[in-house]
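Below: the structure, in structure tokens.
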């Protein structure tokens, strides 16, 4: 289990901009059996944990008394820097159930993938329900079962670890093999230069036939 040191935050104290400039991130932890608590976390430490854990791995918060198991519930990113500027942690209860999105990792090689056929990855995560203490870091999907053009792997075909219940619609396609359709370039007919010359000549003759004005006749 990953751990992360936190400190209780005084909401009447240092503001979020100042915290971010100092290398910290304002955050909050809450849950069904945990009162909402403002906290502060190290930006560098959180970045490392986020890369390793994602949003489906238990993170133990230390610094609030007894270690508190949590899940990353939401990360608010700065639109300009894409760096975290606020984090929500959800305090979980052992024996309870949570719904989370688990990343999908594709393994194996599809023998159906050859010139004229492509392996298409449709879903990159599956929604599941489980005891938070038994959540897998990812779910492996073996694409070697895709042996022919048109084969599909549905969410219901994915083997889940014991104690994990699928929430994603079972009929959802996770991966498939489809035919590659080449786009045909539209042939552009060459310009008819003869017609252009005729049109131009006719225009010149018409302009030459314009009657002279009264001023020109004088």
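Descending by average beta-carbon neighbour count within 10 Å, the peptides 72-85, 151-164 line up as 151-164, 72-85, the highest first. Globularity index of the stretch 99-179 is 1.14 (Cα radius of gyration / 2.2 N^0.38 Å, N = number of residues).
Compared with the direct C-alpha span, the chain from residue 151 to residue 32 gains 38.6 nm at full extension, assuming 0.36 nm per residue.
The stretch between residue 88 and residue 140, if pulled fully straight at 0.36 nm per residue, gains 16.0 nm over its current Cα-Cα span.
A crude spin-label estimate for the pair residue 1 and residue 97, with each label 7 Å from Cα along the Cβ direction, gives 2.2 nm.
Here the extension length gained between residue 52 and residue 107 equals 17.8 nm, from 0.36 nm per residue of separation less the Cα-Cα distance.
Taking every alpha-carbon pair in the stretch 2-93 and binning the separations at 5 Å intervals from zero gives 3, 14, 28, 28, 18, 8, 2, 0 percent.
Of the peptides 15-24, 122-131, the ranking by mean beta-carbon count within 10 Å, highest at the top, reads 122-131, 15-24. Label zone of residue 66 (point 7 Å out along Cα→Cβ, amide N under 20 Å): in the stretch 1-26 this covers 1-8. Dividing the mean sequence gap of close Cα pairs (under 8 Å, 6+ apart) by how many residues the stretch 2-93 holds gives a relative contact order of 32 percent. The distance between label points at residue 42 and residue 173 comes to 4.7 nm (points 7 Å beyond Cα on the Cα→Cβ vector).
Every read-out reported here was derived from the displayed coordinates using simple, explicitly stated rules and does not represent laboratory data. Treat the numbers as computed from the prediction; the structure is a model and nothing was measured. As a convention, Cβ positions derive from the backbone with ideal geometry for all residues, glycine included, and neighbour counts pool all protein chains shown.
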